[in-house]
Each structure stands twice: as C-alpha cells, then as structure tokens.
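These notes are about the structure you will find just below.
Please treat every number below as a calculation from the coordinates, not as lab data. None of these values were measured; they are calculated from a predicted model.
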Amino acid sequence: MISHKQVEKQLIPILRPLLVLTAEELNTYQLRRANQNQSLPDSGGYSVIQCESTNEIGQGELGDYVEDVGFRFKTDLRAEITIQTFDDEAILRANKLRMQLRNPLILATLAENGFSYVDCNQLVDLTAIRDESYEERSSVTIMFNIMDGDFSADSEVPPEDLGKAGTAQFFNVDPINSVTVEQYRLGAEDPYTITPINQE
C-alpha cells in the first residue's frame, strides 16, 4: 500500500529544483514535508509538500503466483499533492513549478520513479499578514497517477521501501482460497465455487 509519507519523500528531490530561482539557491532552498516539527529557515523562503489523498482508479490487476510469497498484485492510484510556498517570490516559484512539470525531461524522471503527471490546478494566492508585514504565499495542487505494484518482483519489499510508488505488492491467500483466486484469474465460469484441494 502507498504511504503518503513515502510519496512525499520520493517527490522532494524531483520537485525541489523546480522551485529554485537562482544557482545560489540550488543547494540551500528547502522543500519540506508538511506537519513536521522543524524550525523555519533563518532567512529566505521555503516550500511545503503534502500528499492530500490517494484514490484507486478502477480495479486492481492480479498477476502470477510467487511461491511462498503470494500473487503479484498491481493497482493504479490518483494522488493529489499540494505545494505551498512562502517567501517574497512565492507566486513566481509556483508558476515556474507548474511550467516545468510539462518539461519532457522532468516527466521522464517522474515516470522512472513511478509517477505519471496528470494535471496541475490554478495557482492560489494566499498572501497574508505575518507579524507586521505581508508575506507572499501560494498554493498549487498537482495530480499524479501512481503505479502501486510491480509484476516483475519475486520477493517481498524491504521494510525501508514499504509504501513507495512502484514497489511490489503481493496478495497472500490461504491454500484453499488460492484455488478460488486462480480460477478467477483464469476466467473460470464460476470462480467462486471452491474445489477442495484433496478431492477430485
């Protein structure tokens, strides 16, 4: 299953450079996960990423059985990712991000990591007073399709990779129910009729 935290961590190194305006910012500008107990940067702006939702698209697909692991399983999800930016050039940064998401090189990098760009909504200007002056703020929501599962995998996912886009999923069933699942996968007329394994 997809983890919102893992999705955010996967997207940060891809999206952070798209928010940078100068070469000097390339190694210092921060794109951080939302709702973290971290202090704000001493100077300059920053952006926050949050995976708001992941919803299944259609039905999942059942693959081959891997002995002692289970049936490979794959599903497609639609993820909504919100990027909020806080600094004197918040709107400019958000517009740059939206434009760069149509760059073929960026799209290819996203695809290699299991993300397919779908759309980006209109930028929202959230400029507000902070302390005694205005702070420019912007928000934009990006939609990606995410592949959850890998039909080439032969083993369970390592614990540190659980929840990442494109990682393997296995559907574990007990021996009797596995007969039902296999009949369903092969298109049996009545896949819900279970034939006991020890009887003809």
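Close amide H contacts of Glu89 (hydrogens built in the peptide plane, cut-off under 5 Å, sequence separation of 5 or more or a different chain): none are found.
For the range 28-34, the Karplus equation 6.51 cos²θ - 1.76 cosθ + 1.60, evaluated at θ = phi - 60°, returns couplings of 10, 5, 9, 10, 10, 6, 5 Hz by residue, with Gly and Pro reported as x. 3J(HN,Hα) along the range 110-120, derived from phi through the Karplus expression 6.51 cos²θ - 1.76 cosθ + 1.60 where θ = phi - 60°, amounts to 4, 4, 4, 9, x, 10, 10, 5, 10, 6, 9 Hz, with x in place of Gly and Pro.
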